[in-house]
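The values are calculated or read from the model by the stated rules, or taken from the named source; none is laboratory data. These numbers come from a predicted model, not from an experiment. Positions of Cβ are backbone-derived with ideal geometry, glycine not excepted, and every protein chain shown enters the neighbour counts.
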Amino acid sequence: MSQQNPVIQPPSLRLKVGGRFGAIDPSAIAKAEAALKSLSGNFAQWLSEEVIKLDAARQLVHDDGVTAETMETLYLRAHDLKGLGATYEFPLITRIGASLCRLIDDKDKRLTVSLPLVDAHIDAIKAAVRDSIKTDDHPVGRILIEELERKVAAAA
């Protein structure tokens, strides 16, 4: 006895949302890059403000102790700098911020983290800004980030 299998029509979502996305307009990219370049004069000030916020979060940890709340604040500030470093023309800060985020990413491990290692990351970020060490091509920048990443890997 033969039985017929039902025919299932494929979803038509692509038709509902307008098909494929078109190619990215090169003029839109150029316009965005020009807008970013026009703002680049503010990068140093904005970066300094972010570093001040990170340092304040560190001070909160030292003043109020290592708690879920103080470490979450510190993590969020580090995460912000991780994302903003390259935008503000400091890819080294992105890398240091990423290392600090790896160190304190796990909410349970945050509470037992080595504060001297956290401090070393924040001091490295401050030194990079102060001395305009933008990349790990700089000998001091390379030594700093390699040592921090080595310590974080050992702490994992």
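Filtering segment 127-150 down to residues that are among the basic types (Lys, Arg) and surrounded by fewer than 17 Cβ atoms within 10 Å (Cβ to Cβ), which residue is farthest from residue 84 (Cα to Cα)?
Initial filter on segment 127-150 (among the basic types (Lys, Arg)): 130, 134, 142, 150.
Of the ones still in play, those that are also surrounded by fewer than 17 Cβ atoms within 10 Å (Cβ to Cβ) are 130, 142, 150.
Details: 130: 17, 142: 19, 150: 23 Å.
Among residues in segment 127-150 that are among the basic types (Lys, Arg) and surrounded by fewer than 17 Cβ atoms within 10 Å (Cβ to Cβ), the one farthest from residue 84 (Cα to Cα) is 150.
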Practice item. Select from segment 57-78 the residues that are exposed (fewer than 13 other Cβ atoms within 10 Å of the Cβ) and of a type in the set (A, V, I, L, M, F, W, C) and list them in ascending order. Key: 68
Study note, to complete from the structure: Within segment 60-96, of all residues that are free of Cβ contacts under 8 Å to residues at least 12 places away in the same chain and of a type in the set (Gly, Ala, Ser), the one nearest to residue 131 (Cα to Cα) is 86
Check your understanding: Among (1) among the small types (Gly, Ala, Ser); (2) surrounded by fewer than 20 Cβ atoms within 10 Å (Cβ to Cβ); (3) touching a Gly at 6+ places or on another chain (Cβ under 9 Å); (4) modelled with pLDDT of 95 or more, which single condition is residue 97 missing?
Key -> (2)
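Just wondering, is there one or more residues in segment 58-68 that are within 13 Å of the chain's Cα centre (by Cα), aliphatic (A, V, I, L, M) and farther than 19 Å from residue 41 by Cα?
no
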Check your understanding: What's the number of the condition residue 8 fails, among (1) under 22 Å from the mean Cα position of the chain (by Cα); (2) at pLDDT below 95?
Key -> (1)
